[in-house]
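Encoded as structure tokens, the structure appears first; notes follow it.
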Amino acid sequence: MHLNAAKDSIPLSGSFELTERCNLHCKMCYVCSSNSSNLKKLELCSSTWVDIAKQAIDQGMLFLTLTGGEIFYRPDFFDIYLPITQLGVIISLFSNGTLITEEIALKLAENSPNRIEISLYGASQAVYESITGIPGSYRSCCSGIELLLKYKLPVSLKTTLTKLNRHELDDMRRMAKDWDIPFVAGNLVSLRRDLQESDSDEYRLSPEECVNMEASDIESFEYWEEKIEKYNKVIVKNNLQVFDCYAGKASFSVNYQGEMNLCTLLPQPSISIPTEGFDRAWKGLKEFINKTPSLSPSCSACELAFYCPKCPAWSYTENRVFGSPVQYLCEIAKLRKEIFCKGG
Amino acid sequence: MIRKSNFVLRGVAGEFVLVPLKNQLVNLNSILTFNESAAYLWELLENDCTVNELVSFLSNKYHIASSDAKNDVEFFIKQMKKLDLIDM
């Protein structure tokens, strides 16, 4: 479906970042910098969000993710969410779960989204709160998850593995198993999207740790085995496009001020929907990716491209240049080939 | 019979997708997509229709034999009943 949408330039999937503010202060966060009242003043009001959703649906949006910051940090969250549930769009919510009360869970149960993804930062209070920086947040998160489960809401868990919580991966998996809900772990920590200095790279796993973790995870191992088997059967040409994802072709993101971006990790080209309208902003996104130069020669000729988690947002946040090699990802690609492609 | 009102059928990127309006969990564990004739039957069920009426509409629209149209309608209704998407 995404492939067809990309072919016809239909904005099938959207992310609305309702706020940049958050009650947690995660060390590796690429979004939040402060919770200032100035930031709040810049946020779109609930009726404007609903209007943007209507415009996006008119253009073909079928999947919508409401994200932040922390979505429940906005007291008017349901003034946005409830009207959108009536528009005929499949909704996912991303939250840290810590602000979910009985009242919120009950309201969600009356108008359930398709999916609620909760970020889990650790399996113990000590590790979880060493990342979030907020005392009591671990208990609040567990309580939020349990409230969602009490009302039979479709919860799943995800985590970003860092040097601070990698040793709790199995325990986090166990928590998900005990709650009988899906769990996924990511291991790539990107730099801040606003290009401000941050400690994010200090918390990253080393390339060796990333790939060893992938190799020790049965699902990830099987994924690579299957992918390599297919790869060996066909001649794969490197994709020369910088944007070889759906960004600007079938997906988009809208920041808290109503500016359309390519994705939540890449705040460009930032076209104001309240000023320009959704249609012109979407066209602007397409023009932006069409004007982006091709991949750097070293990336386009790279024999490790098949193993590389390359991403234009990573190139931009690390090097300020689209389509340029990111040393950290190059090392991951090299190690993946060594580990997963036994024949060399 | 008539379709339940808390759903909307969207035609997007060459597919027809049934989207729940109130509770996105209702009996649908995955996204439900319709082919063109199922989408047509769903639209007809906005108003109360009998099986014979659906058969007749389908047969006329797609120029197919009534017996084939009847099979298609019966299969469609069976699926819709299973998912609790229509009221009889």
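The values are calculated or read from the model by the stated rules, or taken from the named source; none is laboratory data. Since the model is a prediction, treat every value here as computed from it, not as a measurement. In this analysis, Cβ positions are derived from the backbone assuming ideal geometry, glycine residues included, and neighbour counts consider all displayed protein chains. The protein model used for the area step is the full one, side chains on, heavy atoms only, and it has no ligands, DNA or RNA in it. Shrake-Rupley method; radii C 1.70, N 1.55, O 1.52, S 1.80 Å.
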Query raised in the report: Ranked by accessible surface with a 1.4 Å probe, highest first, in what order do A:Lys150, B:Lys4 come?
Result: A:Lys150, B:Lys4
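In Å², what does the accessible area per residue of chain A work out to with a 1.4 Å probe? Mind dumping the intermediate values first?
Working: 15640 Å² over 344 residues.
About 45 Å² of surface per residue is accessible.
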**Report entry** Shape call, the protein assembly as shown: gyration tensor on alpha carbons, a/c limit 1.5
**Finding:** prolate
Requested in this report: Describe numerically, in nm with one decimal, the distance between label points set 7 Å from Cα along Cα→Cβ at A:Lys177 and at A:Lys150.
Outcome: 2.7 nm
Query - Most mobile of A:Glu110, A:Glu129, A:Glu209 in a GNM of chain A (Cα contacts under 10 Å) - result: A:Glu110
Requested in this report: Apply 1/(1 + (r/R0)^6) to the Cβ-Cβ distance of A:Ser298 and B:Lys78, taking R0 = 56 Å, and write down the FRET efficiency to the nearest 0.05.
Outcome: 0.45
**Report entry** Within straight-line cross-link reach of A:Lys158, lysines at Cα separation under 16 Å, skipping those fewer than 8 residues along the same chain
**Finding:** A:Lys177
Query raised in the report: Got a sec? Which residues of the stretch A:1-31 lose 40 Å² or more of accessible surface with every protein chain in place, vs. that chain alone, 1.4 Å probe?
Result: A:Met1
Report task. Excluding A:Leu164 itself, calculate the net charge of residues whose Cβ lies under 13 Å from the Cβ of A:Leu164, where each Lys or Arg counts +1 and each Asp or Glu counts -1. Result -> -1
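Placing unit charges on C-beta atoms (Lys and Arg positive, Asp and Glu negative, everything else neutral), compute the dipole magnitude of the protein assembly as shown about its Cα centre in debye, rounded to 20. Provide the component values of the computation, followed by the final result.
On the way: 45 positive and 54 negative charges, 94 e Å.
My answer is approximately 440 debye.
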Report task. Could you tell me what percent of the accessible area of the stretch A:29-158 is made up of carbon and sulfur, with a 1.4 Å probe and every protein chain present? Result -> 53 percent
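How do B:Arg10, A:Arg173 stack up against each other in accessible area, from largest to smallest, with a 1.4 angstrom probe? If you can, show how the numbers build up before the last one.
On the way: B:Arg10 25, A:Arg173 85 Å².
From most accessible down to least: A:Arg173, B:Arg10.
Heavy atoms only, probe 1.4 angstrom, no DNA, RNA or ligands counted: give me A:Cys45, A:Cys299 ranked by accessible area, highest first. Mind showing how you got there, number by number?
Numbers: A:Cys45 65, A:Cys299 25 Å².
Reading off the accessible areas and sorting them downward yields A:Cys45, A:Cys299.
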Query raised in the report: Roughly how many whole Å is it from the C-alpha centroid of the stretch A:243-279 to that of the stretch A:106-146?
Result: 28 Å
Requested in this report: Go ahead and estimate [θ] at 222 nm for the protein assembly as shown from helices alone: -39,500 (n - 2.57) per DSSP H run with n ≥ 4, summed, over the residue count, rounded to 500.
Outcome: -12500 deg cm²/dmol
Query raised in the report: Using a 1.4 Å probe on protein heavy atoms, which residues of the stretch A:58-72 have at least 40 Å² less accessible area in the complex than alone?
Result: A:Leu62
Query raised in the report: With every protein chain present, what accessible area does A:Asp8 have (1.4 Å probe, heavy atoms only), rounded to the nearest 10 Å²?
Result: 100 Å²
Report summary line: With label points set 7 Å from each Cα along the Cα-to-Cβ direction at A:Lys7 and A:Phe221, the distance between them in nm comes to 3.8 nm
Query raised in the report: Roughly how many debye, to the nearest 20, is the charge dipole of the stretch A:1-121 about its Cα centre, given +1 on each Lys and Arg Cβ, -1 on each Asp and Glu Cβ, and no other charges?
Result: 260 debye
Query raised in the report: For the stretch A:297-312, list residues with backbone N below 12 Å from a point placed 7 Å from the Cα of A:Val321 toward its Cβ?
Result: A:297-299
Report summary line: Heavy-atom accessible area of A:Glu226, protein chains in place, probe 1.4 angstrom, given in Å² to nearest 10, is 110 Å²
Query raised in the report: So for the protein assembly as shown: antiparallel DSSP bridges make up what percent, rounded to the nearest 5?
Result: 40 percent
Report task. Mind grabbing the base-10 log of I(q)/I(0) for chain B at q = 0.15, 0.25, 0.27 Å⁻¹? Debye formula, identical points on the C-alpha positions, no solvent, two decimal places. Result -> -0.54, -1.36, -1.50
Query raised in the report: How much accessible area does A:Ser251 have with a 1.4 Å probe, in Å² rounded to the nearest 10?
Result: 30 Å²
Report summary line: Using alpha carbon centers only, the stretch B:44-65 is separated from the stretch A:159-231 by a whole-angstrom value of 53 Å
**Report entry** Pairs of lysine residues in the stretch B:2-87 - Cα separation under 20 Å, sequence separation of 8 or more or cross-chain
**Finding:** 10
